[in-house]
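The values are calculated or read from the model by the stated rules, or taken from the named source; none is laboratory data. Computed from a predicted model, the values in this text were never measured in an experiment. Cβ coordinates were reconstructed from backbone atoms using ideal geometry, including for glycine residues, and neighbour counts include every protein chain displayed. The accessibility values were calculated without ligands, DNA or RNA, using every heavy atom of the protein model including side chains. Shrake-Rupley method; radii C 1.70, N 1.55, O 1.52, S 1.80 Å.
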Amino acid sequence: MKYNEFQKKMPKAVFRTAEALRLAWVTKDTTVRLQLHQWSQAGQILRLKRGIYAFPDRVLEQSEAARALYAPAYISLESALHFHGLIPDVVFAMTLVTPKTTRRFKTPLGQFIYRHIQPKLFFGFDPDTLMAEKEKAVADFFYLESGRLSLTPDCFNELRWQNLENLDFKKLAGYGKKTGVKKVEALIAFLKNHGKT
């Protein structure tokens, strides 16, 4: 199959080898795999990881790649905190949480960091965009980083939180309680009081 023909037939921006094989069912599997490799080497498609490719001119959002690389997962932690305007720092890797094992992928579309969270805490995000609610991003951050955080103004000043008035602290406290970790609840209470100063 010619590249232009394949590009017209493949509707997805990010696709798996198995999807390419189904699309080119009249061509031998080994030939399709070789073509994918050659197109990748030529820069016509991007190899994100073994068996997953993307058209560079079609991928509009990193979340498209994130969904294909390692599912289920949703965008949270620093990436979601920055998206919601709660931290000023630009995030150079997309940070996500998953009920699966922690993983990290370096791809031509950027770096993706997936951190393990308990399956019971896998909620609080938009299924279309994969973006965590702002309160869930805070709860996830405190849950995963509670070991290195202290209940002191200096620690919270270093985090450089902002726009805390936009948080629903009642909802956030509920999310904190669901973690079952007392320190997470204490960090949320401290954040609420810290935001008033």
Selection of trypsin sites (Lys or Arg not before Pro), the stretch 142-196, meeting DSSP coil and at most 11 other Cβ within 10 Å: 148, 160, 196
What size of dipole, in debye to the nearest 20, comes out for the chain about its Cα centre when the only charges are +1 on Lys and Arg C-beta atoms and -1 on Asp and Glu C-beta atoms? 800
Can you pull the one-decimal nm distance between simple spin-label points at residue 33 and residue 158, each 7 Å off the Cα toward Cβ? 4.9
Could you tell me the center-to-center distance, by alpha carbons, between the stretch 1-42 and the stretch 92-169 in angstrom? 36
Hits in the stretch 30-62: amide N under 20 Å from the 7 Å Cα→Cβ extension of residue 8, namely 32, 35-36, 39, 44-45, 55-58
Shape call for the chain, from the Cα gyration tensor axes a ≥ b ≥ c (a/c under 1.5 means rounded, otherwise prolate when a/b beats b/c, else oblate), comes out prolate
Nearest 0.05, what FRET efficiency do residue 82 and residue 26 give at R0 = 41 Å with Cβ-Cβ as r? 0.30
Rounded percent of accessible protein surface that carbon and sulfur make up, the stretch 1-127, 1.4 Å probe: 54
Peptide ranges 67-77, 116-126 listed from the most packed, as the mean C-beta count within 10 angstrom indicates: 67-77, 116-126
Paramagnetic reach from residue 116 in the stretch 137-155 [backbone N under 19 Å; point 7 Å along Cα→Cβ]: 140-148
Which one, 39, 51, 14, is farthest towards the positive end of the dipole of the stretch 11-69 when Lys and Arg carry +1 and Asp and Glu -1 on their Cβ? 51
Could you give the nm distance between label points at residue 146 and residue 19, where each point is 7 Å from its Cα heading toward the beta carbon? 3.8
Take the alpha carbon gyration tensor of the stretch 144-194, find the square roots of its eigenvalues, order them as a ≥ b ≥ c, and report rounded if a/c is under 1.5; if not, report prolate when a/b exceeds b/c, else oblate. oblate
Nearest 5 is fine: what % of DSSP beta bridges in the chain come out antiparallel, could you say? 65
Members of 106/171; 106/170; 106/136; 134/182; 8/28; 8/136 lying beyond 28 Å, as alpha-carbon distances in this model show: 106/171; 106/170; 8/136
Take each of the peptides 131-139, 78-86, average the number of other beta-carbon atoms within 10 Å over its residues, and list them starting from the highest. 131-139, 78-86
Take every DSSP beta bridge with both residues inside the stretch 77-191 and express the antiparallel ones as a percent of the total, to the nearest 5. 50
Mean projection of the alpha-carbon convex hull of the stretch 1-83 over all orientations, in nm²? 6.0
For the chain: accessible area per residue (Å², 1.4 Å): 55
With runs of 4+ DSSP H residues as the only contributors, calculate the mean residue ellipticity of the chain at 222 nm using -39,500 (n - 2.57) per run, divided by the residue total and rounded to the nearest 500. -12500 deg cm²/dmol
